[in-house]
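Inspection log for the structure reproduced underneath, given as structure tokens.
The values are calculated or read from the model by the stated rules, or taken from the named source; none is laboratory data. The model shown is predicted, which means the values in this text are computed figures rather than measured ones. Every residue, glycine among them, receives a Cβ derived from its backbone with ideal geometry; neighbour counts consider all protein chains shown. Keep in mind that these areas ignore ligands, DNA and RNA; they rest on the heavy atoms of the full protein, side chains included. Shrake-Rupley method; radii C 1.70, N 1.55, O 1.52, S 1.80 Å.
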Amino acid sequence: MALGRGRRIEGVNYWPGFVDALSTMLLVIIFLLSVFMLSQFFLSREVTGKDTVLARLNRQIEELTSLLAMERSQKNVDEGKISVLSATLDNTQKDQQRLRSAAESGGAGAAAAADKANSALDALDSEKQVTSRALAQIDILNQQINALRKQLAAIEDALAASETSDRESQAKIADLGQRLNVALAQKVQELARYRSDFFGRLRQILGSRPDIRVVGDRFVFESSVLFESGKADLSGAGRQSLDSLASAVLDLEREIPPDIPWILRIDGHTDARAITAGPFKSNWELSSARAIEVVQYLVSKGVDPHFLAAAGFGEFQPIDSGTDEEALARNRRIELKLTER
């Protein structure tokens, strides 16, 4: 379509860039919250496992401590028995000494006293063996307790190292989030600038027409500009309008750097009147078919399909709640939205 001379060029609308910046910031916040929740989940699971090991080791130490206390009690009992037996042995040795003097006369009482002394000596030896075994068990328990204490110290050191590593990870995540916010903000600003330039260029190419306008962050064609009523085949005038659009999109492809993930979304909309005849069974089908038709025509003009998308919204996203013909005409539209992919 030729440029209209003497027509007023409307000012650039900065609201679309602001809306996209807000939406992008929301996505970034959601991403950072997800990363934080995942790190907290893995950290809590690791700490829980280490707490379980510590609890088990503490129970083992308590059991060994109880056994050690029992062994010490038994040792005290054994030492008491040894003292009694020692006293008995001393008395027996004294009796044996007295009886030796009487043994020369061959008395029967002396032989009985000697047997009694020998029995006391045997009992004393048996008690000494029991005491030795108890002391050996106590030494083993002490060694086991020392080993467990060393294990506890090693686990505590590992926990301290893990907490330090977790703090460092949290600091790295926070730094990464800040850098990501800065990078995304820069990309959003760049895309907003290209969107403003693109819409301004379309406005200059297509001229100031009431049936082609900017609504929010979208460039809106009323369906009558591109299609006849109830049809999804481009009209002759619609093809001319899209030729100008394709030229602007091709310029946009060359200007936007490859590291900015952008896409031009073509949205089809209808009014709320139900379809009763024709090839389309619903407004969904009609709006989708019109969006696809626009995308396919732009591709035929050399636009890279990787930068295009088609969507049909039927009658469910009206921009005018009225029911008169003028309101219905505004709701029948094709919208172009330059957004991030």
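What are the residue pairs meeting all of these: first residue in the stretch 60-87, first residue closer than 20 Å to residue 148 by Cα and modelled with pLDDT of 75 or more, second residue open to solvent by 60 Å² or more (accessible area, probe 1.4 Å) and in a helix (DSSP H, G or I), Cβ atoms under 8 Å, and 6 or more apart or on different chains?
From the stretch 60-87, the pairs are 61/149.
Applying the selection to the stretch 120-149, what residues are within 23 Å of residue 72 (Cα to Cα), charged (D, E, K, R) and exposed (fewer than 15 other Cβ atoms within 10 Å of the Cβ)?
The answer is 125, 128, 133, 139, 149.
Does residue 55 satisfy the criteria of being at pLDDT below 70 and open to solvent by less than 80 Å² (accessible area, probe 1.4 Å)?
no
Which numbered condition in (1) more than 21 Å from residue 204 (Cα to Cα); (2) small (Gly, Ala, Ser); (3) open to solvent by less than 30 Å² (accessible area, probe 1.4 Å) is the only one that residue 321 fails?
If we test residue 321 against (1) more than 21 Å from residue 204 (Cα to Cα); (2) small (Gly, Ala, Ser); (3) open to solvent by less than 30 Å² (accessible area, probe 1.4 Å), just (3) comes out false.
Hey, could you check the stretch 150-176 for residues that are among the charged types (D, E, K, R) and within 19 Å of the chain's Cα centre (by Cα) and say which is surrounded by the most Cβ atoms within 10 Å (Cβ to Cβ)?
Looking at residues that are among the charged types (D, E, K, R) and within 19 Å of the chain's Cα centre (by Cα), I get 166.
Here is a list: 251, 243. Which entry is closer than 15 Å to residue 196 by Cβ and either modelled with pLDDT of 90 or more or of a type outside the set (Val, Ile, Thr) (or both)?
One residue alone meets the criteria, 251.
Here are some conditions: (1) in a loop (DSSP other than H, G, I, E, B); (2) open to solvent by 60 Å² or more (accessible area, probe 1.4 Å). Residue 285 meets all but one. Which one does it not meet?
That leaves (1) as the condition not met.
Among (1) surrounded by fewer than 15 Cβ atoms within 10 Å (Cβ to Cβ); (2) touching a His at 6+ places or on another chain (Cβ under 7 Å), where does residue 333 come up short?
Result: residue 333 fails condition (1) only.
Residues of the stretch 299-325 being in contact with a strand residue (DSSP E or B) (Cβ under 7 Å, 6 or more places away or on another chain) and under 12 Å from residue 268 (Cβ atoms), which ones?
Within the stretch 299-325, 309, 310, 311, 312, 313, 317 meet the criteria.
Rundown of residues vs (1) within 26 Å of residue 329 (Cβ to Cβ); (2) surrounded by fewer than 20 Cβ atoms within 10 Å (Cβ to Cβ); (3) under 40 Å from the mean Cα position of the chain (by Cα); (4) at pLDDT 95 or above, yes/no style:
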| site | (1), (2), (3), (4) |
| --- | --- |
| 257 | no, yes, yes, no |
| 267 | yes, no, yes, yes |
| 275 | yes, yes, no, no |
| 292 | yes, yes, yes, yes |
| 299 | no, yes, yes, yes |
| 312 | yes, no, yes, yes |
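Return the only residue of 255, 325 being in contact (Cβ under 8 Å) with a residue 24 or more places away in the chain and of a type in the set (D, E, K, R).
255
Just to be sure, is residue 268 part of a loop (DSSP other than H, G, I, E, B) and not aliphatic (A, V, I, L, M)?
The answer is no for residue 268.
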